[in-house]
Amino acid sequence: MEKRQKAKIERQKKESLNNFSFFYLFTFYFLLSAVVGCDSLPNIREIQSSKPTATASPNSGSQTSPSNSLNALEKSIDQQVNEYRKSRNLPPLTLDDRISEQAKIHSQAMANGKVPFSHEGFEQRVKAIAKSINYRSSAENVAFNQGFSDPATQAVQGWLKSPGHLKNIEGDFDLTGVGVIKNAQGEFYFTQIFIKRSRYGF
């Protein structure tokens, strides 16, 4: 009888030990899996910080950089583009305030993070321009940069090295508008819109 009881007690001890070992191994495996899973996730903070942020206020571009400075950059863009067109025996583009207004609105939206750095809303901008200018064709170049002593030249040089942007600069257009905005992070956003008036333009 005593032998049976001792054997029974030994079996219970072994079962308890086995259960404990299984629980320990399962817990260790679970914790290890959790650590590996976290390490395999992308760094979301880095991904977000690589995009324009929406920390600037709607008027921050004008506040962080005097309007006359931004106007000088806009004129510089226009001048450099026309100088390039002249070197290719192309007629100069006439700077139009109505077009520049739409270009500046888009640069402001990109600078504030309301829209991504892109051509988003281009059709709406052209429709707004069409209310006062009867046009035949249109195009748009955008750019942004930070930390350069001459951001306007940096933007134009980037466009000239890009086949798609260069095609617009050399295109059959006669009007243009330029909008430059600087946000609170010190990033400059550029938009240049190209317009070809129709024969009966007004």
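The values are calculated or read from the model by the stated rules, or taken from the named source; none is laboratory data. Because the structure is predicted, anything quoted here is derived from the model rather than measured. Ideal geometry is used to build each Cβ from the backbone, glycine not excepted, and the neighbour counts take in all protein chains shown. Surface accessibility is based on the protein's heavy atoms, side chains included, excluding ligands, DNA and RNA. Shrake-Rupley method; radii C 1.70, N 1.55, O 1.52, S 1.80 Å.
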Between residue 119 and residue 75, what is the label-to-label distance in nm when each label sits 7 Å out along the Cα-to-Cβ direction? 3.0 nm
A 1.4 Å probe over the protein heavy atoms gives the range 120-167 a carbon and sulfur accessible-area percentage of 51 percent
Pseudo-spin-label distance residue 101 to residue 170, built 7 Å along Cα→Cβ, given in nm, is 3.4 nm
Given axes a ≥ b ≥ c from the Cα gyration tensor, I'd like to know whether the range 68-141 is rounded (a/c under 1.5), prolate (a/b larger than b/c) or oblate. oblate
So, in Å, what gap is there between the alpha-carbon centers of the range 103-134 and the range 155-180? 16 Å
